[in-house]
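Note sheet for the following structure.
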Amino acid sequence: MQIHHLNTGTMCPIGKHLVNGTGSLFQRARMVCHCLLVATNDGIALVDTGTGLDDIANPLRMGRKWVRQTTPRLDPAETAVQQVKALGYSPNDVRHLLLTHLDRDHAGGIPDFPKAKVHVHRKEYEMAVTHQIAPPKGRYIPEQWKHGPDWAFYGEGGEDWFGFKGVRALGDREPDILMIPLPGHTLGHCGIAVRANDKWLLHAGDSYFFHGQLQKKPRMPLVLGLFQRRADMDRAARTQNQERLRALKATHGHAVTIFNSHDPVDYENCRCGGH
Ligand SMILES: [Zn+2]
C-alpha cells in the first residue's frame, strides 16, 4: 500500500525546551499534525486531517485561547487538501477520512473533502456531534462538520492485533486498515493501524504526545506534560494505553512503527525512515 506522511498544520508555542525537550526556553517549539495519505483498494484514505482551509480563513473559530497557546502557522500549503493536489490527486479521489478523534487540530480538514466518509469511534461522535455524552465545554468545534458528512462508526471488539482489538475500517475490501480504540485523551479516541508491505504503522493520535514516553525510561518535557494532563478526559485510561503501547514497542518494535500526532521527532523518523 502506498503511504505518504503529511504534516497538515505546524504549531509553534513558546518555550521550546519545555515542549520539545531540546533547545532553549526562548525559542519557539515545533509541533506537527501528523497525517497519513494511504492509497487503498477503495480509493484514497486520510488518517486525520489536521487544519483545514476554513480554519485558516477564520482562525478564531478554533478559539482565541487555543490559537494564542499553540500559535498555529496557518499556511494553506500545509492543509491536507493542498497536499493531496500537490501529490497529483483530486480531492474527490479521497473517499475515506479515518479520524483518531474529533479535536480541532485533527478534524479541521473534514469540510475540505465533503464527499468522503468520516470514520470515528461511536463515543467520539456521541460526545462531539450529538452531545448524547456531554463534552467538556468548548472542547469541540461543531463548524468543522456542519455540512453533515457521511459518518461510519466503530465500537469495541474486533479482531486481535498484537494484543489490541481492532475493527477493519473499510470492511473486507481493505483488511490492512484497522481502527483500534485507545481511549483516554478523549473517550472515543482511536489509534489507526495501516499495513505498509511487511510492516505495520500505528498512528496513535494523541494517546501520547512525546516519543520519550514510549522509551524504557519514560520522559516528558514539563509544559508538554501539563498540556497533556489538562487535555486528558480519562487520565487513568490514557496512561494505561500508553503503557500498552510502550510494551508493544518493546516486544514488537521490529514489526510495528508507532507514532503520535504532534511529535516532530516521530514525524521526521517516519519520513526519513521511509515507513
Ligand atoms: Zn491533537
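Here is how the numbers come out for the structure above:
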| read-out | value |
| --- | --- |
| Cys190, Cys12, Cys272, reordered so the largest accessible area comes first (probe 1.4 Å) | Cys272, Cys12, Cys190 |
| Potential extension, Asp160-Gln2 segment - 0.36 nm per residue separation minus Cα distance | 54.5 nm |
| Table column - 3J(HN,Hα) (Hz), region 256-270, Karplus curve with 6.51, -1.76, 1.60, x for Gly and Pro | 10, 9, 9, 8, 10, 6, 10, 7, x, 6, 4, 5, 5, 4, 5 |
| For the chain: relative contact order, % (alpha-carbon pairs under 8 angstrom, 6 or more apart) | 17 percent |
| Amide H within-cut-off set for Leu98, under 5 Å, with H built and near neighbours excluded | Leu46, Val47, Asp48, His119 |
| Volume per residue that the Cα convex hull of region 128-239 spans, once the total is divided by residue count, Å³ | 148 Å³ |
| Solvent-accessible area of Thr130 with every protein chain in place, 1.4 Å probe, in Å² to the nearest 10 | 60 Å² |
| Region 1-55 versus region 67-85: alpha-carbon centroid distance in Å | 9 Å |
| Qualifying lysines (Cα of each under 20 Å from Cα of Lys216; at least 8 residues distant if same chain) | Lys249 |
| Phi-based couplings in Hz for region 230-239 (Karplus 6.51, -1.76, 1.60; Gly and Pro marked x) | 5, 7, 5, 7, 9, 5, 4, 5, 5, 4 |
| Cα-based reach from Lys115 at 27 Å (exclusive), listing lysines while leaving out same-chain residues under 8 positions away | Lys85, Lys123, Lys146 |
| Estimated 222 nm signal from helices in the chain, with DSSP H stretches of n ≥ 4 weighted -39500 (n - 2.57), rounded to 500 | -7000 deg cm²/dmol |
| Listed residues Val47, Val167 arranged by accessible area, highest first, probe 1.4 Å | Val167, Val47 |
| Probe 1.4 Å - accessible area at Trp66, Å² to nearest ten | 40 Å² |
| For the chain, alpha-carbon Rg over 2.2 N^0.38 Å | 0.92 |
| Using θ = phi - 60° and Karplus 6.51 cos²θ - 1.76 cosθ + 1.60, couplings along region 21-35 (whole Hz; Gly, Pro as x) | x, 9, x, 9, 5, 9, 8, 7, 6, 10, 10, 10, 10, 7, 10 |
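The values are calculated or read from the model by the stated rules, or taken from the named source; none is laboratory data. It should be emphasised that the depicted structure is a prediction, and the values quoted were computed from it without experimental measurement. Heads up: the accessible areas ignore ligands, DNA and RNA and are worked out on the full protein's heavy atoms, side chains in. Shrake-Rupley method; radii C 1.70, N 1.55, O 1.52, S 1.80 Å.
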